[in-house]
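For reference, the structure is listed below as structure tokens.
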Amino acid sequence: MPLSQATLVTAILRCTAPPSGKFPSNPSEVGQAWSGAAERFFAEMVLPPLLPGALAVGRAAMSAVGAAQVGVSGVAALSNGFHAFALAIAPMTAPPGLSVPPPAPPQIPPLPPTNDPVAPAQTLAAAIFAWTKSATYTAVPGVSSPVPWS
């Protein structure tokens, strides 16, 4: 199954409107929640084919970047975290393929406060989904053409 914006919306809602009603209580829990959302999204990626363990490496990278983002706005920290995830998994493409991650973190538009968590989750997911498509995968470098991650 290719990358799905709907999967990302659902994963984001698990962070912003958790079914249990219990929000993360410290930066480590926040990092784990958001890196789990990124992992659920990237787990559906079919191109590039990833080596075993790539998603765990991506999740660890996102958590580490999130922990280092003290004093950074939540949106910027989230953007940097998704970029760290992509940077970590790109070199873990199955040979002979070559992946080039997005060149910069996603540009996330302002998300105004609201009582409805769905609209901001959809906006955030749309920005991340579009950003992901700026990454490319080449199945056989020098022979095949690059295609967007999917």
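Couple of notes before you dig in:
- Search result, residues across region 1-49 that are over 15 Å from PHE82 (Cβ atoms) and small (Gly, Ala, Ser): SER4, ALA6, ALA17, SER20, GLY21, SER25, SER28
- Residues (surrounded by fewer than 17 Cβ atoms within 10 Å (Cβ to Cβ) and β-branched (Val, Ile, Thr)) located in region 124-150: VAL140, VAL143, VAL147
- Identity of the residue in region 40-63, without any contact (Cβ under 8 Å) to a residue 24 or more places away in the chain and among the small types (Gly, Ala, Ser), that ends up farthest from ALA127 (Cα to Cα): ALA56
- Residue match in region 63-78 (condition: closer than 19 Å to ALA104 by Cβ, at pLDDT 95 or above and of a type in the set (A, V, I, L, M, F, W, C)): no
- Among residues of region 8-22 that are under 20 Å from MET45 (Cβ atoms), those with a Cβ under 9 angstrom from a residue that is of a type in the set (Asp, Glu), sequence gap 6+ or separate chain, pair up as ALA11/GLU39.
- Selected residue (only one of LEU47, LEU55 is at pLDDT 85 or above, touching a helix residue (DSSP H, G or I) at 6+ places or on another chain (Cβ under 6 Å) and closer than 30 Å to GLY97 by Cα): LEU55
- Count - residues of region 90-123 that are among the aliphatic types (A, V, I, L, M), at pLDDT below 95 and either within 17 Å of ALA43 (Cα to Cα) or loosely packed, with under 13 Cβ neighbours inside 10 Å (or both): 2
- Enumeration of residues in region 24-46 that are part of a loop (DSSP other than H, G, I, E, B), over 15 Å from ALA88 (Cα atoms) and not β-branched (Val, Ile, Thr): PRO24, SER25, ASN26, GLU44
The values are calculated or read from the model by the stated rules, or taken from the named source; none is laboratory data. Just so it is clear, the structure is predicted and the values come from calculations on it, not from any experiment. Positions of Cβ are backbone-derived with ideal geometry, glycine not excepted, and every protein chain shown enters the neighbour counts.
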